[in-house]
Structures are given as structure tokens and as C-alpha cells.
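The values are calculated or read from the model by the stated rules, or taken from the named source; none is laboratory data. Nothing here was measured: the structure is a model prediction, and the numbers come from that model. Methodologically, a virtual Cβ is constructed for each residue, glycine included, from the backbone with ideal geometry; neighbour enumeration extends over all protein chains shown. The area values use the complete protein model at the heavy-atom level, side chains included, leaving out ligands, DNA and RNA. Shrake-Rupley method; radii C 1.70, N 1.55, O 1.52, S 1.80 Å.
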Amino acid sequence: MTTPTPAATGAKALDVEKVRADFPALHQESHGHPLVYLDNAATTQKPKAVIDAVRTFYERDCSNVHRGVHLLSQRATVAYEQARTAIKSHLGAKDSREIVFARSTTEGINLVAASFVRPRLEAGDEVLISNMEHHSNIVPWQLLCEEKGAILKVIPINDDGEIILEEYERLLSERTRIVGIVHVSNALGTINPVREMIELAHGRGVPVLVDGAQALPHLPVDVRELDCDFFVCSAHKAYGPTGIGALYGKREHLLEMVPYQGGGDMILSVSFDGTTYNEPPHRFEAGTPNIEGAIGFAEALRYLDEQGLDAIAGHEGQLLAAATEAVLELPDVRPIGSARHKASVLSFVMDGVHPHDIGTILDSEGIAVRAGHHCAQPVMARFGVSATVRASFGLYNTMQEIEALVAGLKKVREVFA
Ligand SMILES: Cc1ncc(COP(=O)(O)O)c(C=O)c1O
């Protein structure tokens, strides 16, 4: 595990107490204990700045976008489109028109599968994903392959939970039509070498979709530097609202893509003789969008940038290293995923105790972790388990909370001794 510390990168250190003051939900008790929230890979808590941005929309600017001539609609439209520009800047895209608002990472992947890959996929063609994908980056491809008679190929991973790059190169074939790869695994924490994988795919003319759901809150992302064809993410994993996410797509791809859903806003004109579709990104945003979600999303990214992603990565790297070391000292604990490059996820099993029992006992101590398959059943199967306990860290977590987790796990051991 080689997450750089702020000192190593020269980044400013995170002022965690100041950060914590920004998150109202952290200051509550759970079952009579101070809440220790370690379920950030599922969803994150929201800073006041995001809550305020959403509230301001409802209190002042609430109106529909794009179609109104009145003042409120103009303000809502400006705020919505400014949010698109903020997301473009955060992701390092060239053009705001490369950012499509979607409901989530899941919807972004389904959109690319339906509008970009489906028209290009023929029987016998291949879609290439990895063994550590979230179900969101498996099932849309399975559905498409089933429909088209195409083949879903899977890149194997080693016992540390790392992509086997030689196998990846071998699996890239002249029939591969897309590679879908997770940037940071939600089940293992592995940071994949996506830059290198994209280069290898492009060397064979294969486009790449990066599932950035878990990368967005932990790593600086630059889609132009990565040179990915598509990048998908969800706001709620990065301190923003639920129900909103973004799909970045290279402009030349989006221009070629067929609509995903039909409805208002995605058209230029409609008659019963036929419809002319709007330009991207609006072509892919049928119906009234999640306006307040987009505004809150942009505010969350502004908040992340203010703290500095290098500082966040450094702080979370220290938490992960401390938690991993402490948990490894406990008897009968086996971590699942020990990649050299990891972010913010500690997955483990304990001999003789079901993960759900561990989660329940920790909950009684005020500690929120996730126990289950984490919507990544194939990677669970790869490690011969049906479920793990997952502690996942965010920018507001502290060393004291890691100590609380370890004390909670000792209690679990006592109960099941
Ligand atoms: C790696 C990864 N991909 C995709 C998703 C799906 O995200 P959403 O439910 O926001 O669509 C998740 C959610 O946990 C994830 O961790």
C-alpha cells in the first residue's frame, strides 16, 4: 500500500477538526455512542455548503430550466449550466458539452452501453471488464451481450486484488469493442493502473469506459490526462446529493451517439413525421433534470477542491495504513485485498464470525460499517467468501475513530470467543 502522505507530496495537511465542523450529520449519537461513520464507500455525509446550495435553490431559484423566459427560470438555467462547467473543470475535460448529467454511475454506464456500444456490437464481438467490477459495470454489459450474441470477457486478478496486466493484454483482441474498468474498487480498495490500461486499449483501437464512482472522492482525476473515452461518477459518493451523477464522454463520441431516452429537452423539433434531436449533452438528458442535484454536486466538488485532493488522499492513506496494521494484529482476521496501490477501503473477514454479526455488534457501539457482498459478488467469489466487513474512510474520519473500530472488533472477538 503506497498512498502518499501530504508531507511526501508537499500538499497542505487537512484540518480534520475544521472539516468535521462542516458536516452536521457527524455530530450525533448512535445507540448512545458518538457516531463513527465508516460507510463512505456506500455514501458520504454532506457538508453544510452542499445542503445550503440545495436549500438556496428551493428557497430562491426554484424553477424549471432551459424553457422559461422568466427570471427564476433564467437563474435556475444559469445555475444548472454553471454546475456542468464546474464538473467539467474538476474532471479536467476540455468542453462543458462533454459532461452529461445522469442519475448516477449506474445510469452513466447503461447510457454508454445503450447509445455507444449497442450500435457497434455484433454477434461474436467482445466486451472486456475485470473480475473486480461493481454489478453496475457488469450487468449492463451482460444484458447487451445477451441481446447481441456478444461475449463478456473478464480480466483476472491476483491474490492481492490487482489486475493481471499480461492477462489483460492477452484478452484485448480484434473483437473487443469496449473495455469497462473500475478506477478504484469499492470492495477491495485497489487503485487500478487505468492510464496504462487505456494506453494499451487505444493501441488496439479499443475505447475505454472508466467507472470512477470511488475515484472521485479520493483521487485527483484528469480525464484528458487519462485519455479515457468515458468516465462515470456519482455525486453522493463525493459528499454531494443522491440521484445525480455525471458521464464524461469525448465530444467526438457523444456527437455520434444515438439518444438514450426520448422526451422533453433532448429534441430540437418534433412533428409526427419525425424528430430532430438536440446536440449533446442535452440529447442525453430527456425530461426535467435533477437541477438541485446538479447544483449540489458542483458545490461538493468545490468543497473537495478547497480541501485539496492531494491532502485528502494523504490523510485517508494514513487512516487506511493505521487501520490495516491494527486489524492485522487481531486474531483470525483476514484482509481481502492487499494491493500495492489502495484507497480508503479496508475489507476483511474474521474466522468463525459472519460479517453481518460483526456489523451488528459494531453498530451497537455506534460504528457504521458495511457487511455484505458490496454489489461485487464475482470478486467475493474470487476470494472464496460470500461477504466481507468493509470499513471505508472519508476526509472527515480520524485516528480516534480507527481506535474505536479496533476496540469494537475486540469486543466482537470476546462475544464470539
Ligand atoms: C465502483 C462502483 N461503481 C458503481 C457504483 C454504483 O454507483 P451508484 O449506485 O451511485 O450508481 C458503485 C456504488 O457503490 C461503486 O462503488
How many of the residues in the stretch 38-52 are away from the ligand (no atom under 16 Å from the Cβ) and either surrounded by fewer than 24 Cβ atoms within 10 Å (Cβ to Cβ) or aromatic (Phe, Trp, Tyr) (or both)?
4
Among the numbered criteria (1) more than 10 Å from the ligand (Cβ to nearest atom); (2) touching a residue at least 24 places away in the same chain (Cβ under 8 Å); (3) not in a loop (DSSP other than H, G, I, E, B), which one does Ser89 miss?
(2)
Return the total of residues in the stretch 169-182 being touching a strand residue (DSSP E or B) at 6+ places or on another chain (Cβ under 7 Å) and either assigned to a strand (DSSP E or B) or without any contact (Cβ under 8 Å) to a residue 40 or more places away in the chain (or both).
7
Scan Lys88, Lys94, Lys148, Lys153 and give me the residue that is surrounded by fewer than 22 Cβ atoms within 10 Å (Cβ to Cβ), closer than 22 Å to Val258 by Cβ and of a type in the set (Lys, Arg).
Lys148
Filter the stretch 41-62 down to the residues that are assigned to a helix (DSSP H, G or I) and either small (Gly, Ala, Ser) or touching a Cys at 6+ places or on another chain (Cβ under 6 Å) (or both) and list them by number.
Ala49, Ala53
Before we move on, is Val184 within 16 Å of the ligand (Cβ to nearest atom), crowded, with 19+ Cβ neighbours inside 10 Å and under 20 Å from Ser338 (Cβ atoms)?
yes
Tally time: how many residues in the stretch 229-276 are open to solvent by 60 Å² or more (accessible area, probe 1.4 Å), under 27 Å from the mean Cα position of the chain (by Cα) and away from the ligand (no atom under 11 Å from the Cβ)?
7
Exactly one of (1) open to solvent by less than 20 Å² (accessible area, probe 1.4 Å); (2) in contact with a Ser or Thr (Cβ under 7 Å, 6 or more places away or on another chain); (3) part of a helix (DSSP H, G or I) is unmet by Val65. Its number?
(3)
Of all residues making up the stretch 374-405, the number that are of a type in the set (Gly, Ala, Ser), in a helix (DSSP H, G or I) and farther than 30 Å from Pro156 by Cβ
1
Just checking, which of Ala371, Ala298, Ala311, Ala323 is touching a strand residue (DSSP E or B) at 6+ places or on another chain (Cβ under 6 Å) and either part of a helix (DSSP H, G or I) or open to solvent by less than 20 Å² (accessible area, probe 1.4 Å) (or both)?
Ala323
Hey, can you tell me all the residues within the stretch 381-410 that are polar (S, T, N, Q) and surrounded by 22 or more Cβ atoms within 10 Å (Cβ to Cβ)?
Thr388, Ser392, Asn397
Pull up the stretch 201-253, narrow it to residues that are in contact with a strand residue (DSSP E or B) (Cβ under 8 Å, 6 or more places away or on another chain) and acidic (Asp, Glu), then point me to the one that is nearest to Glu306 (Cα to Cα).
Asp211
Could you say whether any residue in the stretch 345-353 is surrounded by 21 or more Cβ atoms within 10 Å (Cβ to Cβ), part of a loop (DSSP other than H, G, I, E, B), touching a residue at least 24 places away in the same chain (Cβ under 8 Å) and within 16 Å of the ligand (Cβ to nearest atom)?
no
Among the residues of the stretch 103-144, how many are within 12 Å of the ligand (Cβ to nearest atom), in a helix (DSSP H, G or I) and open to solvent by 50 Å² or more (accessible area, probe 1.4 Å)?
2
Please go through the stretch 14-40 and pick out each residue that is in a strand (DSSP E or B) and either at pLDDT below 95 or of a type outside the set (Val, Ile, Thr) (or both).
Glu29, Ser30, His33, Pro34, Tyr37, Asp39
